[in-house]
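The values are calculated or read from the model by the stated rules, or taken from the named source; none is laboratory data. Just so it is clear, the model here is predicted, and its values are computed rather than measured. Positions of Cβ are generated from backbone atoms using ideal geometry, with glycine treated the same way; all protein chains shown enter the neighbour counts. The accessibility values were calculated without ligands, DNA or RNA, using every heavy atom of the protein model including side chains. Shrake-Rupley method; radii C 1.70, N 1.55, O 1.52, S 1.80 Å.
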Amino acid sequence: MSAMPGPGPARSAAMLALRIAVTVAILALVLRSIDLARVGETLAKARPALLVAALALQLASTTAAAYRWRLVMGNLGFGATAPFYLASYFKGLFFNQALPGIGGDAFRVIDVARRGFRKRDALYGVLLDRLLGFAGLMVLSIAGVLLDPGLLPPAVHRAIALAMGAGILAASVILWIGLVPWPWRETGPVTLLRTLSGRARRSLSARRTALAATSLVSPLCAIACFCVAGRALGLPHGPIAYLVMVPPALVVSALPISVAGWGVREGTLVGLFALAGADNAAVLTLSLAYGFMVIVASLPGLAIFLGARQNRPAR
C-alpha cells in the first residue's frame, strides 16, 4: 500500500496563514472585552512558588502521556525503551509550539520509522495515543459536570455533557466498527476507518489497566496545572470548576484551526469561566500563563533534539 501524499508547500503555507489569521482574530475578539491593565495587576500579584508547582504538573502530564504512548506502541508490536518515548514525546511537544505548520506528531512518526517500524503503523500508533488522551479529557469533563451540575447554566452543562459524550461514542465506534460485517464495497475512507479500528483493538489488547490509568492521569495533571496556576493568580474557583471547563478548552485547542491552540483556548476558557462569574482578565491571564508553561515544559525537547544532532556522526 503506497503512502498517502502530503500537502504541497503552497497548500501548507496557506493553511498556516489561515491558522495564524484565526489565532489573531480570536485573540483580538477576546481582548476587546478585557482590561489589559487588570491582566498586568493579576500577574503582579501571582505567587511564583505555585506557578512553579503548576509547571511541574505540566511536565508530569507530558511524562504520563509518553508512557501511555509507549503502552500503545508496545501492543502494536513496536519495542523501544522508555527513554526513547519520553525523548520523542518532548520533542513532539516542542515542535508543536515551534513549528505549528508541521506539528510534533509528524516528528514522533519519523522517530518510530527511523527504528524500522512502518510509517503508516507509526501514524496509527500516534493517532490512537491522541484519541486515548481526548477520551480521558472527555471522561473527566463529564465527571465534573455530574459532581457540580449547578456550576454553569443548565443548557451549557447539557451542551458540554453531550459534546463530551459524543466524543466518547465516536471513540467507541472507531473501536468496534472493524468487527461489524460490511456488506458494501469498501472505499478508501471506510478501509482506513476499519484498519484503524483493528489497530485500536490491538493497541488495547494488553495492559489495559495501565492504559486507562495513564489516559486519565495525563489530562488530570494538565487540569491540576490550571487549578494550581489559577490559585497562584488569585482565582477563587475550586478543582471541580477546572474539571468541568478545562477539558473542553483543551479538546478544542487541539484542533488544527489555530497556532498551537492559542486564541481558541483563551476564547473557550474566558467564555466558560465568565458563565461562572469569573473575572475575564484573570482567566485570560491564566490561559496565557498555561500557554507559556507549555512552551517552557517543551524546552527539554529542544535540548534533546539539539543534543541528538550534535551526537550524529558526520557523513
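Net charge around Ser253, counting only other residues with Cβ within less than 11 Å of its Cβ (Lys, Arg = +1; Asp, Glu = -1)?
Details: positive: Arg265; negative: Glu266.
Net charge around Ser253: 0.
Would you mind computing the Rg to Rh ratio of segment 82-158 from its alpha-carbon coordinates, Kirkwood style for Rh? Please report the intermediate quantities before stating the final value.
Values: Rg = 17.3 Å, Rh = 14.6 Å.
Rg divided by Rh gives 1.18.
Could you give me the ³J(HN,Hα) list for segment 79-93, computed from phi with Karplus coefficients 6.51, -1.76, 1.60 and θ = phi - 60°, whole Hz, x at Gly and Pro?
So the Karplus estimates, Gly and Pro as x, are x, 7, 7, 4, x, 4, 5, 5, 5, 5, 5, 5, 4, x, 4 Hz.
Report relative contact order for the chain in percent, whole number only (criteria: Cα-Cα under 8 Å, sequence separation at least 6).
Working: 382 pairs, mean separation 103.9, N = 315.
It rounds to 33 percent for the chain.
If you count, for each residue, the other Cβ atoms within 10 Å and average over each peptide, how do 63-74, 274-285 line up from highest to lowest? Walk me through the intermediate numbers first.
Values: 63-74: 23.6, 274-285: 19.1.
Averaged packing, sorted descending, gives the order 63-74, 274-285.
Computing the accessible area with a 1.4 Å probe over protein heavy atoms, can you report the carbon and sulfur percentage for segment 38-138?
Details: 2850 of 4310 Å².
Its accessible area is 66 percent carbon and sulfur atoms.
Could you do me a favour and compute the accessible area per residue for the chain, 1.4 Å probe, result in Å²? Don't jump to the answer; show the numbers that get you there.
Numbers: 15730 Å² over 315 residues.
Averaged over the residues of the chain, the accessible area is 50 Å².
For segment 243-255, in order, what is each residue's ³J(HN,Hα) by Karplus, 6.51 cos²θ - 1.76 cosθ + 1.60 with θ = phi - 60°, in whole Hz (x at glycine and Pro)?
5, 7, 9, 6, x, x, 5, 5, 5, 5, 6, 7, 5
For a test of the definition: using alpha carbon positions, the gyration tensor, and the 1.5 limit on a/c, classify segment 214-274 as rounded, prolate or oblate.
Details: a/c = 1.96, a/b = 1.24, b/c = 1.58.
Note, shape of segment 214-274 comes out oblate.
Can you run phi through the Karplus equation (6.51, -1.76, 1.60; θ = phi - 60°) for segment 190-206 and list ³J(HN,Hα) in whole Hz, with x for Gly and Pro?
5, 4, 4, 5, 6, 5, 4, 4, x, 5, 5, 5, 5, 5, 9, 6, 8
How far, in degrees from 0 to 90, does helix 264-275 lean away from the longest principal axis of the Cα atoms of the chain, to the nearest 10?
The helix 264-275 is inclined about 40 degrees to the chain.
Which FRET efficiency, nearest 0.05, do Ile177 and Arg115 yield, Cβ-Cβ r, R0 35 Å? Let's see the in-between values first.
Numbers: r = 30 Å, r/R0 = 0.86.
E between Ile177 and Arg115, to the nearest 0.05, is 0.70.
Grab the beta carbon distance between Thr81 and Thr195, set R0 = 25 Å, and tell me the FRET efficiency rounded to 0.05.
Working: r = 28 Å, r/R0 = 1.11.
Plugging the Cβ-Cβ distance into 1/(1 + (r/R0)^6) gives 0.35.
Which residue fluctuates the most in the chain, going by a Gaussian network model with Cα springs under 10 Å, if the choices are Ser258, Ser218, Ser12?
Ser12
Taking a quarter of the surface of the Cα convex hull of the chain, what do you get in nm²? Please report the intermediate quantities before stating the final value.
Values: hull surface 74.7 nm².
Average of the hull's projected areas for the chain equals 18.7 nm².
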